[in-house]
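To start, the structure under review is shown below, and the notes come after it.
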Amino acid sequence: MSVIDRVRPAHSRLKAIRRDIHAHPELAFKEHRTAAVVVKELEAAGIEVHQGIGGTGVVGVIRAGRSLCAIGLRADMDALSITERNTFEHRSTHAGCMHACGHDGHTTMLLGAAQVLAEHKGFDGTVYLIFQPAEEGEGGGRVMIEDGLFERFPMESVFGMHNWPGIPAGQFAVHAGPVMASADRFDIRILGTGAHAAMPHLGADPVAAGAALVQAIQTIVSRTLDPADAAVVSVTQFHAGEAYNVIPDRAELSGTVRAFSEFVQQRIEQRLGELCVGIGEAFGVRVEFEYRRGYPPTINTPSEAALCVETAASLAGADKVDTTARPSMGAEDFSYFLQRKPGAYVWIGNGPGEGGCMLHNPNYDFNDEILPVGVAYWVELVKRLLPAGA
């Protein structure tokens, strides 16, 4: 019996779990109900459970055979601050909060794999099932690591999976290298001298300086970076003034930086600082610049990515595994795991992305039809990483 055939009888139950989690979304570090669902399902399968790691994180432990080898499989649990527009029965019951990124599905797929692995074993070693809080911007992966994840649960490698609208349902994309970008933020305060709008020569205009700075920032990628280095620098906020006839004394700009390497991040940060100094001098204003590192880039290690390709191909067929997909400029805190351990983060197709079902959209919903495929992927990956009788 194939792994997918073994999973299919549990499909209805998995769908019910997924929809229950979807109906009760919880934000970062508040995933108490979701964590309780995870604990209940793991304990029902006879799996050793550890709670409260990184706040609301949960780790299940499954051991088989005698090997000392160990791997980690990770799923995220948190939802987003979005008001759901769907009207189906399992829509969010919490106003202003919804599972718009499919973490309900990720959690359910790993729970399904946990049940199969606990019942049938078929591997030699230890599997750590990592149910992570706070992926959506709050760095729950980093917090779990700081709380001793890898010391308490020593593993040689770690793996993640995310549903991806736009890829046909049940197909895969695997990258041998960068998968997702970094997500840094910057804030710029321009301090000038206010004046009457009819007498601009008596002030130092921070709005004019800010406008020039926004224009200059657009040259960072096109004129500072190697054209082969992908990056995005976006000014997303510009706040200044309160009246029509007053030149304000300050302006504030904010934005985000996306890149696939530490070198590019450093170069962009350096150039932003230089532009702030130059614009300040040119316009006679004082410019304060703050740059904050966010999620690092998510970069797969090639050998682990190759194994994921083999695993996905064994389930979906080699022609259904895309190894040439472009990385995303979105960010993912699984990157913290991959900074510490070899591993790979793959995309599983969620189906067409048209009609408002893209990620972080109020009309999005996880595709329940891919639950068995995701479960089978995890189970098959474990068998390949921890082969019985090896």
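The values are calculated or read from the model by the stated rules, or taken from the named source; none is laboratory data. This is a predicted model, so every value here is computed, not measured. Positions of Cβ are backbone-derived with ideal geometry, glycine not excepted, and every protein chain shown enters the neighbour counts. Accessible surface areas use protein heavy atoms only, side chains included; no ligands, DNA or RNA. Shrake-Rupley method; radii C 1.70, N 1.55, O 1.52, S 1.80 Å.
A few comments on the model shown:
- Filtering Glu304, Glu369, Glu288 for residues that are open to solvent by 20 Å² or more (accessible area, probe 1.4 Å), assigned by the TED database to the domain that holds Phe260 and over 20 Å from Phe131 (Cβ atoms) leaves a single hit, Glu288.
- Residue check for Phe88: outside any loop (DSSP other than H, G, I, E, B), in the same structural domain as Cys308 (by the TED database) and of a type in the set (Phe, Trp, Tyr): no
- Of all residues in the stretch 11-39, those being open to solvent by 20 Å² or more (accessible area, probe 1.4 Å), closer than 13 Å to Gly112 by Cα and charged (D, E, K, R) number 2.
- Residue selected from the stretch 197-240 under the condition among the hydroxyl-bearing types (Ser, Thr, Tyr) and in a helix (DSSP H, G or I), by the criterion least open to solvent (accessible area, probe 1.4 Å): Thr224
- Within the stretch 154-173, tally of residues that are out of contact with any helix residue (DSSP H, G or I) (no Cβ under 6 Å at 6 or more places or on another chain), open to solvent by 10 Å² or more (accessible area, probe 1.4 Å) and not in a strand (DSSP E or B): 5
- Taking the criterion of being crowded, with 18+ Cβ neighbours inside 10 Å and either closer than 18 Å to Phe334 by Cβ or at pLDDT below 95 (or both), the residues of the stretch 177-196 that qualify are Pro178, Val179, Met180, Ala181, Ser182, Ala183, Asp184.
- One residue stands out in the stretch 270-285 among those that are in contact (Cβ under 8 Å) with a residue 40 or more places away in the chain and within 28 Å of the chain's Cα centre (by Cα): the one that is surrounded by the fewest Cβ atoms within 10 Å (Cβ to Cβ), namely Arg271.
- Arg326 meets all of the listed conditions (1) crowded, with 16+ Cβ neighbours inside 10 Å; (2) at negative phi but one, namely (1).
- Close contacts from the stretch 93-109, counting a first residue that is within 13 Å of Asn350 (Cβ to Cβ) and a second that is in a loop (DSSP other than H, G, I, E, B) and hydroxyl-bearing (Ser, Thr, Tyr), with Cβ to Cβ under 9 Å and a gap of 6+ residues or different chains, come to His99/Ser92; His99/Tyr364; Ala100/Tyr364; Cys101/Tyr364; Gly102/Tyr364.
- Just one of the listed residues (Pro387, Pro342) is touching a residue at least 60 places away in the same chain (Cβ under 8 Å), more than 24 Å from Ile4 (Cβ to Cβ) and surrounded by fewer than 19 Cβ atoms within 10 Å (Cβ to Cβ), namely Pro342.
- Residue count for the stretch 249-269 satisfying the condition of being surrounded by 22 or more Cβ atoms within 10 Å (Cβ to Cβ) and either under 27 Å from Asp205 (Cβ atoms) or among the hydroxyl-bearing types (Ser, Thr, Tyr) (or both): 4.
- With respect to (1) at negative phi; (2) buried (at least 19 other Cβ atoms within 10 Å of the Cβ), the lone exception for Gly54 is condition (1).
- Those residues of the stretch 72-93 which are charged (D, E, K, R) and under 21 Å from the mean Cα position of the chain (by Cα), in sequence order: Arg74, Asp76, Asp78, Glu84
- Residue match in the stretch 40-58 (condition: part of a helix (DSSP H, G or I) and in contact (Cβ under 8 Å) with a residue 60 or more places away in the chain): yes
- Residue match in the stretch 86-97 (condition: open to solvent by 20 Å² or more (accessible area, probe 1.4 Å) and of a type in the set (Val, Ile, Thr)): yes
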